[in-house]
Amino acid sequence: MEKIAKDVGDIQSRLLDHRPVISAEIRYFVREFEEKRGNRESRLLESLNKMVVESNDQIQSTNVEDMNQQLSDIIKRLEAANHMAERVQQREQEPQQSVQLQTNMERLKDEWEEFLKEQQRLKEVVNEEHDKAVAQLSIKYSEMKKDLTKFPPI
């Protein structure tokens, strides 16, 4: 009987316990899914990666070229703006400079006139001193001449 109970238990476990069969089926399904799906996914990912790299290269090259062009345009505009600003500053400074120049010229003329007057005054002083010195020397030499005439020539 024991044998029969054992056989009935084996039959019952085979008929009613599906765990080993289900586990085997799950392992088979997972293995098949991973092999077939995994290859397809890796191929898809590789193709997507390739497309992204190509797109980046194209976009970067066109972006760099566009940015260089835009940068050169901006530089040209800035140079033009700087030139215009310099011209405006020059125009604003010209009247100020001309007024300053006139003021400076008038001041220099006044200084020059004062200098000439001072030079004239100094010239007159020097001439007077010279005339006095000449007069003194004339008197001295005339006196010496008179003294010489008093003595007979040798």
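The values are calculated or read from the model by the stated rules, or taken from the named source; none is laboratory data. Bear in mind the structure is a predicted one, so any value in this text is a computation, not a measurement. Every residue, glycine as well, gets a Cβ built from its backbone with ideal geometry; the counts of neighbours run over all protein chains shown. Areas reflect the complete protein model, heavy atoms only, side chains present, ligands, DNA and RNA absent. Shrake-Rupley method; radii C 1.70, N 1.55, O 1.52, S 1.80 Å.
Can you give the angle from 0 to 90° between the axis of helix 19-150 and the longest principal axis of the chain, with both taken from C-alpha atoms, to the nearest 10? The answer is roughly 0 degrees. Take the chain with all the other protein chains still there, run a 1.4 Å probe, and you get 99 Å² of accessible area per residue.
Kirkwood's formula applied to the C-alpha pairs of the chain gives a hydrodynamic radius of 30.5 angstrom. Count Lys and Arg as plus one, Asp and Glu as minus one, and take only other residues whose Cβ is under 14 Å from that of Gln58; the net charge is then -3.
Subtracting the Cα-Cα distance of Lys150 and Leu78 from 0.36 nm times their residue separation leaves 15.8 nm of extension gain.
Angle between the Cα long axis of helix 2-16 and the longest principal axis of the chain, 0 to 90 degrees, nearest 10? Once rounded, one gets 50 degrees.
Considering the dipole of the chain built from charges on the beta carbon (Lys and Arg +1, Asp and Glu -1) around the Cα centre, which of Met84, Leu16, Ser72 is farthest to its positive end? Ranked along the dipole, the leading option is Leu16.
Element breakdown for the range 61-154 at a 1.4 angstrom probe: carbon and sulfur atoms account for 57% of the accessible area.
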